[in-house]
Number of protein chains: 2
Amino acid sequence: MSLPHPDADQITLPAVLAALGDDTRLAIIGCLARSDAITGLVCGQLCGLTSKTNLTYHVAKLREAGVINVRPEGTRRRVTLRREDLDNRFPGFLDTVIASAIDLPLVDITLRQLHEAVQD
Amino acid sequence: MSLPHPDADQITLPAVLAALGDDTRLAIIGCLARSDAITGLVCGQLCGLTSKTNLTYHVAKLREAGVINVRPEGTRRRVTLRREDLDNRFPGFLDTVIASAIDLPLVDITLRQLHEAVQD
């Protein structure tokens, strides 16, 4: 079952700004920006950021605003940035947000945990 | 009496994004960006955007996040963008937001009303 996403031309700046205006959601964007752009991450890989319930809520907020794509894969959900759609709608905007988001402490901690889990 | 403002190094991206993630507050930024950067606007000039009570609320939200400066002048309040502080903290960010905000219909309507009021 696919989840509802706004079309590219339905994405509005106030909705995107409001979706990004939160520590956890900004950290999700930071993690995605530092991951492979095509494969993205599955939600479980973002569990270091917050509780599972909170993560579901924050991922839905970002999806509804048009910031990320969420694709169910069996019991998992794969998350990718809607970089092309956002760059077309608001040129340069996402890059300036990412430039600040990738250095958030939460992003570093989560990606380090992820790296260590892969090595175990 | 001066109003509390965060110092430049206390301004955080999530707070700025959350403050800007609203139609009316984005329109305030659009109006300020199209006005004189030094003199800004007095709150009364933004009344076309929303009711006076709402305007007071939205201006406070932007001030508390560090997006605008609010200086009392007698019974009026003069509002200016904290462009230098924001550009130093998040290079390029404000420009990309303004590029989208200045074209908002609310901004056009408000500035036209303002222009007509000056001519009367």
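Kindly provide the set of residues from the range A:53-79 that are touching a Lys or Arg at 6+ places or on another chain (Cβ under 9 Å) and farther than 20 Å from B:A18 by Cα, ordered by number. Scanning the range A:53-79 gives A:N69, A:V70, A:R71, A:P72, A:R77, A:R78, A:V79. When the range B:75-89 is limited to residues that are of a type outside the set (D, E, K, R) and surrounded by 13 or more Cβ atoms within 10 Å (Cβ to Cβ), the one that is nearest to B:I38 (Cα to Cα) turns out to be B:T80. Suppose we keep only residues that are in contact with a Ser or Thr (Cβ under 9 Å, 6 or more places away or on another chain) and within 26 Å of A:I98 (Cβ to Cβ) within the range B:30-39. Which one would you say is nearest to the other protein chains (Cβ to nearest Cβ)? Per the stated criteria, the residue is B:G30. For the range B:81-120, the set of residues classified as at pLDDT 80 or above, of a type outside the set (D, E, K, R) and touching a Leu at 6+ places or on another chain (Cβ under 8 Å) consists of B:L81, B:L86, B:F90, B:F93, B:L94, B:V97, B:S100, B:A101, B:L106, B:T110, listed by residue number. When the range A:42-62 is filtered for residues that are part of a helix (DSSP H, G or I), crowded, with 17+ Cβ neighbours inside 10 Å and either at pLDDT 90 or above or aliphatic (A, V, I, L, M) (or both), the ones remaining, listed by number, are A:L46, A:L55, A:H58, A:V59, A:K61, A:L62.
Reported count of residues in the range A:63-120, each being outside any helix (DSSP H, G or I), over 19 Å from A:R25 (Cβ atoms) and within 14 Å of chain B (Cβ to nearest Cβ), is 2. Among the numbered conditions (1) under 19 Å from B:L13 (Cα atoms); (2) touching a helix residue (DSSP H, G or I) at 6+ places or on another chain (Cβ under 6 Å), the only one that A:P91 does not meet is (2).
So that you can scan it fast, the table gives a plain yes or no per residue for (1) under 24 Å from B:L104 (Cβ atoms); (2) touching a residue at least 40 places away in the same chain (Cβ under 8 Å); (3) in contact with a Pro (Cβ under 7 Å, 6 or more places away or on another chain):
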site: A:V16; (1), (2), (3): yes, yes, no
site: A:D22; (1), (2), (3): yes, no, yes
site: A:A37; (1), (2), (3): no, yes, no
site: A:V42; (1), (2), (3): no, no, no
site: A:V67; (1), (2), (3): yes, yes, no
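Only residues that are more than 9 Å from chain B (Cβ to nearest Cβ), in a helix (DSSP H, G or I), over 17 Å from A:L81 (Cβ atoms) and in contact with a helix residue (DSSP H, G or I) (Cβ under 9 Å, 6 or more places away or on another chain) were counted in the range A:1-24, giving 1. For B:A27, state whether it is surrounded by fewer than 19 Cβ atoms within 10 Å (Cβ to Cβ), within 14 Å of chain A (Cβ to nearest Cβ) and either at pLDDT 90 or above or touching a Leu at 6+ places or on another chain (Cβ under 8 Å) (or both). Taking the combined requirement at face value, the residue does not satisfy it.
The values are calculated or read from the model by the stated rules, or taken from the named source; none is laboratory data. Nothing here was measured: the structure is a model prediction, and the numbers come from that model. Ideal geometry is used to build each Cβ from the backbone, glycine not excepted, and the neighbour counts take in all protein chains shown.
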